[in-house]
Amino acid sequence: MDAERELLVVEDDDAFARTLTRSFERRGYRVLRASDLESARAVLEGHAPAYAVVDLKLAGGASGLACVQLLHEHDPEMVIVVLTGYASIATAVEAIKLGARHYLAKPANTDDIEAAFARAEGDAEVELTERQTSIKTLEWERIHETLAETGFNISETARRLGMHRRTLARKLEKQRVK
């Protein structure tokens, strides 16, 4: 199979990674898997995938943003889509700056991901919302911005935000996008 249909899935949730793998294999992709930054680096030593799907939050609180950066530096033409259950504007902006083509909130299916692979251009016709940003949304954005700055270290994020670690952990569990 040619490298044009080769896809790297960087996901630490084994069940979700298996599901994505099976679904993409049925669509004719050769799927390579990694669960963290180091295993992704090892895959790149022997392969040059054209596509990548990267989870934003990896095992041990590691950031998928570092993985996006690694993949983009390895091959600037690689089409990278970031998936996350912790969507925020701050991490979306950073993912795009680091080389991702799209940023999708979970749950996203194979159709959504493949559509993101195909869309190279932005859409100026996207509907603008009339709603102003709420205090809760601003708080959520600030939490995620700080999480990204600290490499998803919850203790350090809580310290920088001036809140107790357990309070932050509870907020993250309540707002988690599944």
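No value in this document is a laboratory result; all are computed from the given coordinates. What you are looking at is a predicted structure, and each value in this text was computed from that prediction instead of being measured. Every residue, glycine as well, gets a Cβ built from its backbone with ideal geometry; the counts of neighbours run over all protein chains shown.
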Gain on full stretching of the segment that runs from A59 to T19 - 0.36 nm per residue minus C-alpha separation: 12.6 nm
Straight-line reach from K174: which lysines have Cα under 25 Å away, leaving out those fewer than 8 places along the same chain? K57, K106, K136
Residues whose modelled amide H sits under 5 Å from the amide H of Y103, counting only those 5 or more places away in sequence or on another chain, are V82
Evaluate E = 1/(1 + (r/R0)^6) for H47 and R142, where r is the Cβ-Cβ distance and R0 equals 25 Å; express this FRET efficiency to the nearest 0.05. 0.05
The residues S155, S88, sorted from fewest to most surrounding Cβ atoms within 10 Å, come out as S155, S88
Per-residue ellipticity at 222 nm for the chain, helices alone: DSSP H runs ≥ 4 residues times -39500 (n - 2.57), over residue total, nearest 500 deg cm²/dmol? -14500 deg cm²/dmol
Whole-Hz ³J(HN,Hα) for each residue in segment 149-159, computed from phi via Karplus 6.51 cos²θ - 1.76 cosθ + 1.60 with θ = phi - 60°, x for glycine and proline: what do you get? 4, 9, x, 6, 8, 5, 4, 5, 4, 4, 4
